[in-house]
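The values are calculated or read from the model by the stated rules, or taken from the named source; none is laboratory data. The structure displayed is predicted, hence computed values, not measured ones. Glycine also receives a Cβ, built like all others from the backbone with ideal geometry; neighbour counts cover every protein chain displayed.
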Amino acid sequence: MDLPERVAAHLARNLASLRHSRSLTQDALAKAAAVPRSTIANLESGVGNPSLTVLVKVANALAVPLDELTAAPRAKVRHWPAGDVATQSRGRGVTMRALVPEPVPEELLTLMDFAPGGSMRGTPHLPGTREFFTCLTGRVTLFVVGERFDLGTGDVLGFPGNVAHSYQNPDPRAPARGVSVVILAKAGV
């Protein structure tokens, strides 16, 4: 498809989408833009060859910038209300929540909230896996193969994800929060 055909296809899709999102008929949009209804029908079918004046009239009637009529498809956007993002309780006083509610190949991205004194054991992964834990607020202590690491706000600890590890909020009075990024090893590698 050459450039003029792509622009005509974008215009057809965008115009129909904008019109529908405003609950307008082709006739109502044509009246608002002061153009014939057949012009709107032709633009939406991708066969129209509008003048700049017609495009400006249609854009003004829809209250959008001119480039929104001819823009290429944009990335899909989805909003997840907080209550729709899965959370789970683990260990004693630890709540885990996915940072990214869609699957991310070969990565686990988790927000971890620690109640005062909260703790949990980590789940060992396949050999070759790396985990990075960032302390966002408070203090979090990690034990990796029995070695203790005390992290404060902003500290990051990287370690092999296939070894025994655990997390603990050492403060009995204040909560803590961190982010775990696990980069999974590929099976059989």
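Considering Thr95, Thr129, Thr134, the condition of being among the hydroxyl-bearing types (Ser, Thr, Tyr), within 21 Å of Ala164 (Cα to Cα) and out of contact with any strand residue (DSSP E or B) (no Cβ under 6 Å at 6 or more places or on another chain) is satisfied by Thr129 alone. Exactly one residue out of Ser23, Ser89 is hydroxyl-bearing (Ser, Thr, Tyr) and at negative phi: that is Ser89.
Hey, does segment 142-158 have a residue that's under 20 Å from Thr87 (Cα atoms) and crowded, with 16+ Cβ neighbours inside 10 Å? There is no residue in segment 142-158 that is under 20 Å from Thr87 (Cα atoms) and crowded, with 16+ Cβ neighbours inside 10 Å. When the criteria are applied in full, Ala115 fails the requirement of being at pLDDT 95 or above and in a loop (DSSP other than H, G, I, E, B).
Criterion first (closer than 30 Å to Leu29 by Cβ, of a type in the set (Val, Ile, Thr) and either modelled with pLDDT of 90 or more or not in a loop (DSSP other than H, G, I, E, B) (or both)) does Val77 satisfy it? The answer is no for Val77.
Is there a residue being over 30 Å from Arg130 (Cβ atoms), in contact with a helix residue (DSSP H, G or I) (Cβ under 9 Å, 6 or more places away or on another chain), among the hydrophobic types (A, V, I, L, M, F, W, C) and not in a helix (DSSP H, G or I) anywhere in segment 13-26? Yes - at least one qualifying residue is present in segment 13-26. Of Ala30, Ala8, which residue is in a helix (DSSP H, G or I) and touching a residue at least 40 places away in the same chain (Cβ under 8 Å)? Answer to the selection: Ala8.
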